[in-house]
Amino acid sequence: MSSGAYLRELSAPAGFLAGAIFLRSHVVESPEMANQMTRGLVGPASWPQLLLLVIAFFSVLWAVERVVLFKKQTTPRLATSDALATPINLQMGVAILFILLYGYLLAVIGFPAATLLYLVAWCALGGMRRAIQVSLISLLGTVVFLYLFVKLAAMPLERGQGVMGEFSIALYRLLGIY
Amino acid sequence: MDIFTSLIGGLFIALEPLNFAIMLGGLAVGTIAGALPGISFVNAMAMALPFTYSMTPIGAMMFLGGIYCGGVFGGSISAILINIPGTPASLPTCWEGYSMTKRGEAAKALMLALLASALGGIASALLLTFAAPPFADVALTFDQPEFFAATFLGLISVIAIAKESPVISMVSLFSGILIGSVGVDPLYGMPRLTFGLPMLQNGIDFVVVMIGLFAITEVLEMLGKRAHGDGEARGVRMRLPSLKQLWALRAPAMRGTTIGCLIGMVPGAGATVGAVVAYGMEKQISQNGDSFGTGVEAGLVAPEAANSATTGAAMIPLLTLGIPGSAATAIMLAALVLHGVTPGPMLFATQSELVYTVFASMILANLFMVLAGVMVARGFATLMRVPPTVLGAFIVVLSVVGAYGVRNNIADVYICLAFGVLGYLMKHFSFPSAPLVLGVILGPLAERYFMTSMANYDNDPTIFLTRPISGGIMAFAALFILWALMPGVVKRLKSIVLRQLKSTA
């Protein structure tokens, strides 16, 4: 068995182990102050540090288990419903980018504009090509969400910054929800 | 007989047109709020509290009770149809219910969940009626170590959920508990694991993690499968379960109800612990235990019965001791106090009419929940006819609004989306996400009870084992671990012995 194969098998548990070791010294900004406050098992950093210790322990066990299973040439079976192989490709990368961009734009251009743009982009990404269909779904969807959450649930959704904030308010007025 | 007569009297008051209408209104509000991700029934109860000022104490309790019962089931509607648990207690419902939806059995899953919820809720309301005072005495003996033991039992049930990979599941579970500990420490007020980021100071809310890991991940997976041409049939076939099928599920429903009633009485444990423990137990007991996670009906029915069974049981410490065991019962306590009613042992003597009307209304609410549930679920089920691309886009918007609505904070949206992407990567690398979510939900509770136990009992960790009730629960937890792991250990030992026998031969 090559050392590369071993490394691949051990990368995940080693990552968790390294993370646990790294985080143990970064639980609080001032470990000295936390130590002064600690009495026995009770202290501000005690619980996370206890958890990190347990994570480190199970990471080592995991690594041992992987090595044993790898030597036996059996694929380790994971949890029930989660054990689904999911693809990562260009379309998926773009989808993830769209979702993250939507989250970012919410605070910048506001919920109405960001949602409208996101719905258009997502429909296009999903293969919908008819402009009327995409426009209707995006427009009506945004309006329904606005009525549901801004009007009925009275949620103070992000309106955006500067001119976009004013645009959102104008739109709310137009729709009779402000 | 006296209790029975009082209950009949309460039933008549509850059936008065105005009171009955108020209860139905509460049921509808609760079911819709529970079904909408991010607007939990607790939020709905809090928002509804001012409306109860103008009501009588009986009307107020019936309204809030209706929201409570409807909301607990409502959370399962979105869990079954779009894999977003409307409430944390609906988490196990996602595992089986959504798998059934993917098979085109959404209507059956909804009906099973609804009937199991109604059964659990009615049994719980009857328990509340007939056994409140003696059970309140037991609840009174509970202290922090017992609360920790109950939470610990909920956490270790993950062993049964993922016993094929217990080590990786433990890494996932403890990572979840660690994520739950991010933010300002509850005892000392010191920020932990925040790395100086203000957005992490308030901690990471479990609802946000849950929405990200389940909903966003699901949308990405839906898109991926569509691209590969293996998308599932998403239509709702309106085939309801037959009486024979229902009868076959009586045992899981009864077990779930019993677990829910017992756990519901423990203040702080609540519906989530009840549902998760019921799911874990059912997976252990069921002959199809290995198939859990693929849409097994028993795995849907047991936690559904359990989470509804906690509703009446959680009101036992509220009404008899004045101790609210959950956020929902705390709001009910507030409503009682606002109307000049003080819960406690004397309540049964001074306000017996109110008490028994509340009991009767809980029974009625669970009966009529079937009606409200069917109506709301039908509305939601139309979602399933929407093309997957559009459905996915709407789920992302709902998730974003749901995450934002938790604390009206945009940082929660970022965290939710980050967990969505993380969840997709976890699926890609076959790392289990369910234990992580359970850890995030129950971790903060476990920490609070563990730390206060240590502070109150001289830093003595043996306190969890030496006190009779907590020791009993811990022993049960240990037995549960053994029970869950034993088949795997025996299988391994057998293979080792066989190998050695072969080599010696």
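Taking every alpha-carbon pair within region A:82-178, the share separated by more than 18 Å comes to 53 percent. The slack between residue A:161 and residue A:124, meaning 0.36 nm per residue of separation minus the straight C-alpha distance, is 10.6 nm. Averaged over the residues of A:33-40, the number of partner chain Cβ atoms lying within 10 Å of the residue Cβ comes to 3. Measuring nothing but how far apart in sequence close Cα pairs (under 8 Å, 6+ apart) lie, relative to its length, region B:6-67 scores a relative contact order of 45 percent. With the simple model of a label 7 Å out from the Cα in the direction of the Cβ, residue B:102 to residue B:8 spans 5.3 nm.
Across peptide B:390-403, the average count of Cβ atoms from other chains found within 10 Å of a residue's Cβ is 6. Residue separation of residue A:22 and residue A:108 scaled by 0.36 nm, minus their Cα-Cα distance, works out to 27.5 nm of gained length. Each label point was placed 7 Å from the Cα along the Cα-to-Cβ direction; for residue B:496 and residue B:455 their separation is 4.5 nm. Adding -39500 (n - 2.57) for every DSSP H run of four residues or longer, then dividing by how many residues the protein assembly as shown holds, sets the calculated 222 nm ellipticity at -23500 deg cm²/dmol.
In a DSSP loop and with at most 16 other Cβ atoms within 10 Å, there are no trypsin sites (Lys or Arg not before Pro) in region A:5-50.
If R0 equals 30 Å, the separation of the Cβ atoms of residue A:57 and residue B:330 corresponds to a calculated FRET efficiency of about 0.20.
When the Cα positions of A:35, A:70, A:51 are compared along the charge dipole of region A:1-78, A:70 comes out farthest toward the positive end, with charges on each C-beta of Lys, Arg, Asp and Glu. Across chain B, the relative contact order, built from alpha-carbon pairs under 8 Å that are at least six residues apart, equals 28 percent. Expressed as a whole percent, the proportion of Cα-Cα pairs in region A:1-78 lying more than 16 Å apart is 58%.
Note on residue B:15 and residue A:67: their simple-model spin labels are 7.2 nm apart, each label 7 Å out from Cα toward Cβ.
The eigenvalues of the Cα gyration tensor, multiplied by 5 and square-rooted, give region B:384-504 an equivalent ellipsoid with semi-axes of 39, 30, 12 Å from largest to smallest. Mean per-residue shielding of peptide A:125-137 is 3, counting Cβ atoms of other chains within 10 Å of each Cβ. Simple rule: put +1 on each Lys or Arg Cβ and -1 on each Asp or Glu Cβ in the protein assembly as shown, find the dipole, and look at B:216, B:306, B:64; the Cα lying farthest toward the positive end is B:216.
Between residue B:462 and residue B:242, the contour length at 0.36 nm per residue exceeds the alpha carbon distance by 74.1 nm. Across chain B, the volume of the C-alpha convex hull divided among the residues equals 177 Å³ per residue.
Among the chymotrypsin sites (Phe, Trp or Tyr not before Pro) in region B:387-490, those placed in a DSSP loop whose Cβ has at most 16 other Cβ atoms within 10 Å are B:429.
When you count the other C-beta atoms within 10 angstrom of each residue and take the mean per peptide, B:251-262, A:139-150, B:178-189 line up highest first as B:251-262, B:178-189, A:139-150.
Highest average first, the peptides B:431-437, B:271-277, B:292-298 ordered by how many other beta carbon atoms sit within 10 Å of their residues are B:271-277, B:431-437, B:292-298. Relative protection proxy for B:279-290, B:192-203, B:350-361, from highest mean packing down: B:350-361, B:279-290, B:192-203 (other beta-carbon atoms within 10 angstrom). With contacts taken as Cα pairs under 8 Å at a separation of at least 6 residues, region A:1-78 carries a relative contact order of 41 percent. Other residues whose C-beta falls under 12 angstrom from the C-beta of residue B:286 contribute a net charge of -2, scoring Lys and Arg +1 and Asp and Glu -1. What FRET efficiency comes out for residue B:290 versus residue B:47 if R0 is 60 angstrom and r is the Cβ-Cβ distance? Round to the nearest 0.05. Here the calculated transfer efficiency is 0.85. Taking the C-alpha atoms only, the angle from helix A:3-24 to the longest principal axis of chain A is near 80 degrees.
Taken together, the values in this text are just the output of simple stated rules run on the coordinates, not laboratory data. Note that the coordinates shown come from a computational prediction; the quantities given were computed from them, not determined experimentally. Every residue, glycine as well, gets a Cβ built from its backbone with ideal geometry; the counts of neighbours run over all protein chains shown.
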